[in-house]
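Colleague: Here it is, the structure in full.
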Amino acid sequence: MAMAVEGAGAGVVVSEPEVDAWLPITESRSGNARYAAFHTLNAGLGFQALLLPLAFPALGWSWGIISLTVAYFWQLYTLWILVKLHEAVPGRRYNRYVELAQAAFGEKLGMWLSLFPTIYLSAGSATALILVGGETIKLFYQIVCGPICSPSPISTIEWYLVFTSLAIVLSQLPNLNSIAGVSLIGGTTAITYCTMSWVLSVSQPRPPTVSYEPQAYTSLGSSLFSTLNALGIIAFAFRGHNLALEIQATMPSTFKHPAHVPMWRGAKVAYALIAMCLFPVPQGGMLTALYAFHSHDIPRGLLAATFLLVVFNCLSSFQIYSMPVFDSFEAAYTGRTNRPCSVWVRSGFRVFYGFLSLFISVALPFLSSLAGLLGGLTLPVTFAYPCFMWICIKKPERFSSGWYLNWGLGLLGTAFSLALCVGGVWSIISSGMKFKFFKPPS
């Protein structure tokens with residue numbers, strides 16, 4: 001397959017494999033099952049998991065666990081679909097989520113359906129990671145420094161800048177395979193801090209002002225919308241499907257040894273570890289609650305170590321979630337110039353993106369409070385689109401079990417997406433949230 005490249009080399013025809021060899025996602029094809037496990041774990045487990053306790057007051061323990069279990073196996077099935085569809089057409093690899101969406105739904109519709117949610121899941125996650133990472137560095141500093149440094153002489157915006165600078169330095173690693181070690185650190189730190197956060201919380205007596213009973217509501221409408229918002233938070237906890245095809249693209253593939261075999265092997269290990277972390281978190285895994293209620297009961301060193309692990313994880317997650325954006329920048333550049341990016345151009349793109357994300361973080365400091373709404377907006381990428389893609393590309397026999405399963409899950413996922421968006425908007429309105437632009441917490 002070939003493509004005409006515009007710009008300085010207009011009229012020159014460059015083969016698609018050659019262009020892929022210039023871009024950070026497909027530049028290196030030396031991936032394996034271990035790398036797949038590292039990347040999938042880093043992409044699939046992060047700070048969103050620590051928001052799960054917010055969902056359980058509305059759902060209660062029983063329905064909360066049931067909802068979390070259903071969501072876990074549902075997204076595991078759609079991940080399997082994406083892994084299988086990566087090489088659904090012999091001799092053709094769909095290396096990016098948008099490419100697969102275009103192949104399934106058509107070029108224009110596929111772009112329209114997948115572009116915004118995948119951009120948000122990459123660029124929006126990077127912005128949220130700056131918010132969480134910067135604020136966590138600040139908490140770490142306050143714990144380590146103690147009353148000597150109270151009040152902190154460094155503002156929250158300056159902590160965002162510190163985190164962004166560290167993330168930009170790490171982002172100079174050239175391609176997705178080169179950050180396998182970073183992903184290993186990210187996955188390991190996520191497992192550790194998720195475990196430490198709930199273990200430290202449940203090991204302490206329950207504060208008298210805290211109740212574990214389901215929240216009572218005065219009307220059916222408030223109960224319904226709170227439930228929808230809680231389901232959105234659970235959906236938001238499962239992430240990484242927008243990166244599955246990109247991770248698989250880093251592996252060599254032949255007809256005899258297709259890439260889906262090591263990819264699925266690594267993904268199964270990663271999601272077994274993710275399950276071990278996610279299900280205990282609702283018992284009390286919120287770091288802000290841990291700091292607010294137990295900062296005087298838990299040794300400062302242990303508390304500081306937990307926050308430092310979160311910072312390491314945010315730095316690692318920033319790399320893998322930003323890689324599709326770096327890939328898009330470089331694809332646009334190579335498309336215009338008909339040559340790969342130089343080291344300086346590649347570095348410039350990444351510095352620009354890092355500081356652009358910092359600007360958005362400062363301008364929109366309330367993004368992390370929109371978990372329910374954002375979970376609804378991005379839910380189809382994980383729970384709905386893969387089912388429709390399977391139907392469009394694999395074309396299962398009508399009225400077969402596979403046909404019913406994928407139509408049912410796809411339509412249900414789409415309906416849930418709309419309902420969760422409504423629930424998220426209601427939660428914002430009912431809580432009286434004020435959107436303070438350019439006013440991060442002090």
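All of the numbers you see were taken from the coordinates with simple rules; none came from a lab. No experiment lies behind these values; they were computed from the predicted model shown. Neighbour counts are summed over all protein chains in view; Cβ atoms, including those assigned to glycine, are modelled from backbone coordinates with ideal geometry.
Colleague: Tell me the net charge near residue 37. Cut-off is 10 Å between Cβ atoms, residue 37 excluded, with +1 for each Lys or Arg and -1 for each Asp or Glu.
Modeller: Summing Lys/Arg as +1 and Asp/Glu as -1 gives +3.
Colleague: Against the globular-protein guess of 2.2 N^0.38 Å, express the Cα radius of gyration of the stretch 108-166 as a ratio, rounded to two decimals.
Modeller: 1.63
Colleague: Something else now. Tell me, what is the Rg over Rh of the stretch 141-198, with Rh the Kirkwood radius over Cα pairs?
Modeller: With Rg and the Kirkwood Rh in hand, the quotient comes to 1.10.
Colleague: So, one more: Rg and Dmax of the stretch 19-139, using alpha carbons, in Å: what are they?
Modeller: Values for the stretch 19-139 (Cα only, Rg and Dmax): 17.8, 52 Å.
Colleague: Now, a different point. Normalised by the residues of the stretch 67-179, what does the relative contact order come to in percent, with Cα pairs under 8 Å and at least six apart?
Modeller: Reported as a whole number, the value is 15 percent.
Colleague: Quick check: pseudo-label points 7 Å beyond the Cα along Cα→Cβ at residue 337 and residue 92, how many nm apart are they?
Modeller: My value for the distance between the label points is 3.1 nm.
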